[in-house]
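Structure, as structure tokens:
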Amino acid sequence: MGKSSTQRQDALDLKPAILELRHIGKAYSSAGDGRQVLTDLSYTLRAGEYVAIMGESGVGKSTLLNLIAGLDTPDTGEILIDNITLSSLDDDAATRLRRREFGFIFQAFHVLPHLTLSQNIALPLLLNDLPVEGAEHMLDSVGLAGRGHHFPRHLSGGELQRIAIARALVHRPKLILADEPTGNLDPDTAHDILMLMRREIKANSASGIIVTHSHAAAATADCVLVLTKDGLHPFVAEKAADLPKQIK
Amino acid sequence: MRAVKRNAGYFACSCKQGGRHAGFKWLSGTAFLVAALFLAFFTAGYVLAERPQLSPVVRNVPLVFPRDFGAHPGFRNEWWYVTGWLETPEKEPLGFQITFFRVATEHDRANPSRFAPRDLIIAHAALSDPAAGKLLHDQKSARDGFGLAYTTEGNTNVKLDDWFMLREENGRYQTRIKADNFQLDFSLTPAQSPMLQDLNGFSRKGPQPEQASYYYSEPHLRVSGKVTRDGEEIAVKGIAWLDHEWSTAYLDPKAVGWDWVGANLDDGSALMAFQIRGKDGSKVWAYAGIREPSGQFTRFEPDQVSFEPQRTWHSTRTNTTYPVQIQIQTSTTVWVLTPLMDDQELDSRQSTGAVYWEGAVTVTRDGKPAGRGYLELTGYVEPLSL
Amino acid sequence: MRWRNKAMLARWLLSGEWQAHKVQSGVAVLAIAIGVALGFAIHLINTAAFNEFSAAAHSLSGESDLEVRGPQATIDESIYPLLAEHEDVELANPVLELDVALPTHSKERKDATLKILGLDIFRASVMAPDLIGIPAEDKLFDVLADDAIFLSPAAMEWLGVKQGDILNLSVGTQTVALRVAGGLRRARAGQRIGVMDIATAQWRFHRLGQLSRVELKLLPGTDKAAFKAELEQELEPQSQYLVAEPTTRETRVANMSRAYRVNLNVLAMVALFTGTFLVFSTQALSIVRRRHQFALLRVLGFTRKQMLGQVLWEGAILGFVGSVLGLALGYATATSALHYFGGDLGGGFFPGIKPVMHFDPAAAIVFFILGVGITLLGSAAPAWEAARALPAPALKSGSEDTALARLENPWPGLLFLASGILFTRLPPIFDLPIFGYLAVAQLLTGGIILMPPLSALIFTAVFRMVQHASHARPVLTTALARLANAPNQAAIALGGILASFTLMVAMAIMVTSFRVSVDDWLRHILPADLYVETAASGDTRGLIPDEMKALAETPGLVRVDFFRSSKLMLDPSRPNITLIARPIDISEPGNTLPLTGESIPVAQLPKGAIPIWVSEPMVDLYGYTPGKHVTLPIAMPARTFIVAGVWRDYGRQFGAIQMRLADYQALTDDLLVNDAALWLEQGVAPEQVIESMRQLPFGNALEFSDPGQIRALSLNIFDRSFAVTYLLEGVAIIIGLLGVAASFSAQALARIKEFGMLRHVGMTRRQILGMLAIEGGLLTALGVLLGFVLGGCISLILVFIVNPQSFHWTMQLSLPWRSLLSVALMLMFLAAFTAVASGRHAVSGNAVRAVREDW
């Protein structure tokens, strides 16, 4: 792992930083006792990188994603997206940044039930004032060509997630955030989805962060990070064989 | 006499045009005049109250003055009717007419209300000005009562709101008419004694003996006073003719209209003539009387009097043709009447429904200028096809 | 591009939502539509009726500049020539206006009178040319006839006569026969009037020397105000003339029905008000349901403003559709109501007229704005909530009730209640209880806002009690647990029903209090065994002294009281008051009069002062407080009287004064009386007395009634005048119930997953439905309970503030327990039934699939 990661970093050093976390700290003050989730966390993600973040339940993976997406604010530290400090933006500006620069993929798919598949995919295009025709192309890319007029209720979990992937990428965002995208899927479907995600992220020259419990899922990323109370660390496998070979 | 003629004219009008202007007709006192003459025909039917008894006109009742200058409430109709020629300071001629009518109604005399309409007072006034080319006229009507409108017995004293005519002790009349668009303030001074028409003031109006009225005239009244138009006051003087006539009887059913003339002749004589026309223009009745300055009075019987139209004038307003220039023959004398102006038509269809021609005329006797008078032509309006 | 995208997005989101929740959106639209329709229809009908009524009233006074009238019904005619010849007067038009009674044997027109104008055609034809009679072609003189009357087409139709017929009218105990001589030049549709010669009217109706008024037309260029002041000064020494502008007449007409019209409009607003809560609950629940969707949209890049806009836009469209529908419905309703029932909505203020409907664009715009406005108002809080919600937590399941957590804040509700209570202390504005109505609205709003915290409080307490008390009632426990822990959604559902039930309780208590008070009052004022009147009503009734004597001498009588009532005008801009002269025992006036409050004992009356007793409106409108010395223009010279007491009067909203008949007859020359009250000897049957009175020469003109009949008739009129009220209440309740049905079914659908889980853990379908029924029943029970409390408070405002301020009468409080309880029980049953019915669908689904369902 160490070697390949070094090589990768060499290759990408020239690429600009798409995301910078500087000394992030976040605590939740529920029921009076402040529960520190993240402490002095720093990390830089560069353009084109696709990383997986693993970690124990409750360690703050989802919180970290929410902070990156601007849906939550850190207690300390700064988050920079494309060199813009998130904390300098008000809610509207943050929302506009989010709609332009991010794509989201959720564990629970979150596909709007009353919109057709095409309409669901087209949402980010509408929000970004882009022509909605792009949605049909994305539908092809995720293997659901010709089904744009269907409603989500007829779809399986895997198909729903394909729609979600299409929606996350349709407006060509710079950063894809995926939170347990395969948590609700069976292993075979999960594999297909992960491969699709990786392919589409790479095809669109986007960066990606996937948060997962699954080693198999994590292995589809360029590199795997582990979130602990001390911060983000590169994953060190007990056995190199644990890493699926086929992704290399 | 003259008013009877006029009534006949209105009657024709109300019969022929009744349908068209039914909405306005009964507002006018004039229409009441017409109706008054025919009351006797139509008061059959349901009657819930007592009808008043009115006096008949009978022969050989001498007129007594000054009593008969005043009103005669026992008779159905009565009028004081002044016509005359005026001269402005610029010597321009004007014609004028002022009339007060009193009409007794059928209203129950037992009604003690002070509003009880026992008598109606109706007044007309008109001014002819050749410069204006047409007639200015106005009318008023009210019920007798409350001191707002009245006639009095014993002397001429008639009032209708702010219009009045009053005969002073010395015989001079004062009258003021505040019309809509003009005002007349005159003193009328008699130069002669009253001229009793026909049979000592018993004036026959038709072949039946009851078709008659009491009728005297005061010709050669000297007029002085002022005429106000458009806020401009002009002093005028002139000569006028007054008729006072009262009756109860109605017209002959055959009558449709009348031609009447009263003229003050330059030699101090006075001429009055009329004919009552039937449906085909034929003469139903006619009469003429001439009084010399000496007081000598000449009566002409119906067969001695004839009316001959010489020139007609057509009113585009009412589509009616009037014989505005008329030749009258009394026995052997030929009189020709020429109008001061052609359009002296009184068209009040929008208010009273009455349409007739009444205007100042000059008079020649056997081709020589003889004097000035007033001609009245009624019952000429074309029947409307219904 | 930009707006097209935005519009497309809004459309997608809207159509999806509405297709999925047709019923709920439909109910909200319907609620708005019904509210707008009712308000608009009542406005149109009232406006049409009022305009027609004042136009009819106006048409009676023609084109006059000023009119001179008197405080009493008529003035002496001697003023007429003075006015006619007065400087600056162009025309004086004398008028004698009478409401003449129709013979009593025409039962279907009982109490009916015909308005007759006695006119001088020569004056009136200039002043009011429309009112001129059209005689037959050959009877022109009928306009002056001493036996003729001209009738408007409506009057002819109503009386069943035509030109040439004989019309009989009652004057005192006599009958006057008049010939119907023709129609009128122009009468308003439905206007029942007769016109006759003024002299004939004076003579036939025994009004010699009297006029109702003289209308004046001034010369062009005359300064009306200056002339009026001058004339008033000239007439002042006589103190029996009032100079008024014709517009004052219209003001009087307006004043007559204003309180009634305003109250009816407010009542119509109730439906709209209930609709607001329905929109609120529809929108609030819809937002709770779509919490995930909105959170997702926020994550995907919807700004707060866009979110707010989206929800408000949805509301606006509901409001738009509802308002347009409502306007159409209201117009149709008003048109058909006017066509079939005329313009009188039960108040009796606009009898006989046939108003013509005019579409009123200004009113339509106002009601449209009102409809859309209240929808936006109802959507505002939910929209704000949707925009404010943090998207990240909202994406998680199970947070529905937290969305409504803000509703648990009791302070806004308490603030509303407090300001409402404060408003009850404020005086009326323009004689209208504006603050009273505002207080009602405040209390209602406050109560509804307090519903969520209150229901949390109450259900938590009940839940604890049940938990300790029972073990084996899983259904009840589950239901209570939900109500206690997630009270907000439940409480929202109740907004509509609470509003309508509260108002129903308030109105029911008010109407019952009113009715019981009227009934008591009728008992008090009708102590005799038998009542006699002549020619039922109108200005031409009356018994002359000989007739009184004959009546009093009828065998079998213990006592006879004669009454004289007449109209008096104290203020030209207010409707006439009634002056009643009758025997009153000065030492015990309470025996005869339903006195309220303090009155001055006989011993304390100043010597020689003539006492009068005034009805409650006299105190409010004219300041006739007990002990005050007042001048009444009933005699020449005007006399001073002392107000000796106040009595309650539900019969005459505009004021009435009672005095002793002996005083009245001593002061005036008026020796007529209108009515008599008879006390019979023991054992004498009323029929015997009626029989012997019928034998009198004028016996046929007498009308007898016993107190029972009068009471029944009065209460019948009372009920009729509140019929519209009942209808509006019913509509409000139906809207409320629709709201309950809509929100229960929406919630049941939203809880499919919950039901699936409950089925998984072993609850039977029957148990789930039972749980829903209990939830629905308990919620409604709470709503009803609160409704009782709130409605009770509001009824106090209606009884003790709105009514005295609007109609100037007081009443005692009475509660219609039985009918309110039965309505409450019915509501609870219906709510439970609705809850079950709407739950059936949700429970019928596949339980396994339901658990997986994420939305």
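Hey, can you grab everything whose amide H is under 5 Å from the amide H of C:Leu530? Only 5+ residues off in sequence or another chain; H modelled, so Pro and N-termini drop out.
For C:Leu530, the qualifying residues are C:Leu678.
Can you work out ³J(HN,Hα) from phi for every residue in the range C:688-699, in order, using Karplus 6.51 cos²θ - 1.76 cosθ + 1.60 and θ = phi - 60°, giving whole Hz and x for Gly and Pro?
Along the range C:688-699, the couplings run 4, 5, 4, 4, 6, 6, 5, 6, 5, x, 9, x Hz.
Could you work out how much longer the chain between C:Met8 and C:Ser78 gets when fully extended? Use 0.36 nm per residue separation minus the Cα distance between them, nm to one decimal.
Stretched fully, the C:Met8-C:Ser78 segment lengthens by 17.1 nm.
To one decimal place, what Kirkwood hydrodynamic radius in Å is obtained for the protein assembly as shown from all pairs of distinct Cα atoms?
Taking the inverse mean of 1/r over all distinct Cα pairs, the protein assembly as shown comes out at 40.9 Å.
Once you have all Cα-Cα distances for the range B:284-330, histogram them in 10 Å bins from zero and send the whole-percent values.
P(r) over the range B:284-330, rounded to whole percents: 23, 33, 29, 13, 2.
Once the Cα atoms of helix C:487-525 and of chain C are each reduced to a long axis, what angle between those two axes, in degrees from 0 to 90 to the nearest 10, is obtained?
Relative to chain C, helix C:487-525 is tipped by roughly 20 degrees.
How large is ³J(HN,Hα) for each residue in the range C:432-437, as worked out from phi by the Karplus curve 6.51 cos²θ - 1.76 cosθ + 1.60 (θ = phi - 60°), to whole Hz, x for Gly and Pro?
10, x, 3, 5, x, 5
Describe numerically, in nm with one decimal, the distance between label points set 7 Å from Cα along Cα→Cβ at C:Asp706 and at C:His358.
5.1
Using 0.36 nm times the number of residues separating C:Thr810 and C:Val366, minus their current alpha carbon distance, what extension gain do you get?
This chain segment gains 156.5 nm when fully extended.
The range C:302-333 to the range C:639-701: how many Å between their Cα centroids?
The range C:302-333 and the range C:639-701 have Cα centres spaced 61 Å from each other.
Taking 20 Å as the cut-off for C-alpha to C-alpha distance, list the pairs among B:Lys140/B:Lys254; A:Lys174/A:Lys229; A:Lys61/A:Lys229; B:Lys178/C:Lys139; B:Lys91/B:Lys237 that go past it.
In this structure, B:Lys140/B:Lys254; A:Lys174/A:Lys229; B:Lys178/C:Lys139 lie more than 20 Å apart at Cα.
Give a quick list of trypsin sites (Lys or Arg not before Pro) in the range B:142-245 that DSSP marks as loop, anything other than H, G, I, E or B, with at most 16 other Cβ atoms within 10 Å.
B:Arg172
Scan around C:Gln191 for amide H atoms under 5 Å from its own, H built in the peptide plane at 1.01 Å from N, and keep only partners 5 or more places away or cross-chain.
Here the answer is C:Ala154, C:Lys354, since their amide H atoms fall under 5 Å of that of C:Gln191.
If you take the charge dipole of the protein assembly as shown about its Cα centre, with +1 on Lys and Arg Cβ and -1 on Asp and Glu Cβ, which of C:Leu66, A:His137, C:Ala136 is farthest toward its positive end?
A:His137
Using the alpha-carbon atoms, what tilt in degrees (0 to 90, nearest 10) does helix C:723-750 show relative to the longest principal axis of chain C?
10
What FRET efficiency do you get for C:Gln233 and B:Leu166 if R0 is 41 Å and r is their Cβ-Cβ distance, rounded to the nearest 0.05?
It comes to 0.80.
What three numbers, in Å, describe the spread of the alpha carbons of the range C:66-244 along their principal axes, ordered from the longest?
49, 35, 27
Set the Förster distance to 25 Å, then compute FRET efficiency between B:Thr189 and B:Thr338 from the Cβ-Cβ distance, nearest 0.05.
With R0 = 25 Å, the Cβ-Cβ based efficiency is 0.35.
State the antiparallel share, in %, of DSSP beta bridges confined to chain C, rounding to the nearest 5.
Antiparallel bridges make up about 75 percent of those DSSP assigns within chain C.
Over chain C, what relative contact order in percent results from Cα pairs under 8 Å that are six or more residues apart?
The normalised contact order for chain C reaches 17 percent.
For chain A, modelled as a Gaussian network with Cα springs under 10 Å, which listed residue fluctuates most, A:Asp72, A:Asp40, A:Asp92?
Its mean-square fluctuation being the largest, the pick is A:Asp92.
Mind pulling the angle between the C-alpha long axis of helix A:157-169 and the longest principal axis of chain A? Nearest 10 degrees, somewhere in 0 to 90.
80
Taking Cα centroids, how far is the range C:505-524 from the range C:821-835 in Å?
If you average the Cα positions of each part, the centres end up 27 Å apart.
Provide the convex hull volume over Cα atoms per residue for the range C:136-229, in Å³.
Hull volume over Cα atoms, normalised by residue count, gives 158 Å³.
Taking the alpha-carbon centroid of each part, what is the distance from the range B:259-331 to the range C:273-299 in angstrom?
Cα centres, the range B:259-331 to the range C:273-299: 100 Å.
Along the three principal axes, how long is chain C when you take its alpha carbons, biggest first, rounded to the nearest angstrom?
96, 71, 49
Determine, from the Cβ-Cβ distance of B:Glu232 and C:Asp223 and an R0 of 25 Å, the FRET efficiency 1/(1 + (r/R0)^6), rounded to the nearest 0.05.
In this case the efficiency is close to 0.45.
Given N residues in the range B:68-209, what is Rg(Cα) / (2.2 N^0.38 Å)?
Against the compact-globule rule of thumb, the ratio is 1.17.
Considering amide H positions built from the backbone, and no H for Pro or chain starts, which residues 5 or more places from C:Ser599, or on another chain, come under 5 Å of its amide H?
HN-HN under 5 Å from C:Ser599: empty list.
Expressed as a fraction of 2.2 N^0.38 Å, the rule-of-thumb size for a compact globular protein of N residues, what is the C-alpha radius of gyration of the range C:530-705?
For the range C:530-705, the normalised Cα radius of gyration is 1.09.
Rg and Dmax in Å for the range A:45-105, alpha carbons only: what are they?
Radius of gyration, then largest Cα-Cα span, for the range A:45-105: 12.1, 33 Å.
Suppose each label sits 7 Å from its Cα in the direction of the beta carbon; what would the B:Glu90-C:Asn168 distance come out to in nanometres?
Taking the two extended label points, one gets 7.2 nm.
With each pseudo-label sitting 7 Å past Cα toward Cβ, what's the C:Met826-C:Glu691 distance in nm, one decimal?
It works out to 4.8 nm between the two label points.
By how many nm would the segment from C:Thr247 to C:Lys628 lengthen if fully extended, with 0.36 nm per residue of separation less the alpha-carbon distance?
134.0 nm
Each reported figure results from applying straightforward, stated rules to the coordinates on display, with no laboratory input. Since this is a predicted model, take the numbers as computed values, not measurements. Virtual Cβ from ideal backbone geometry, glycine too; neighbours counted across all protein chains shown.
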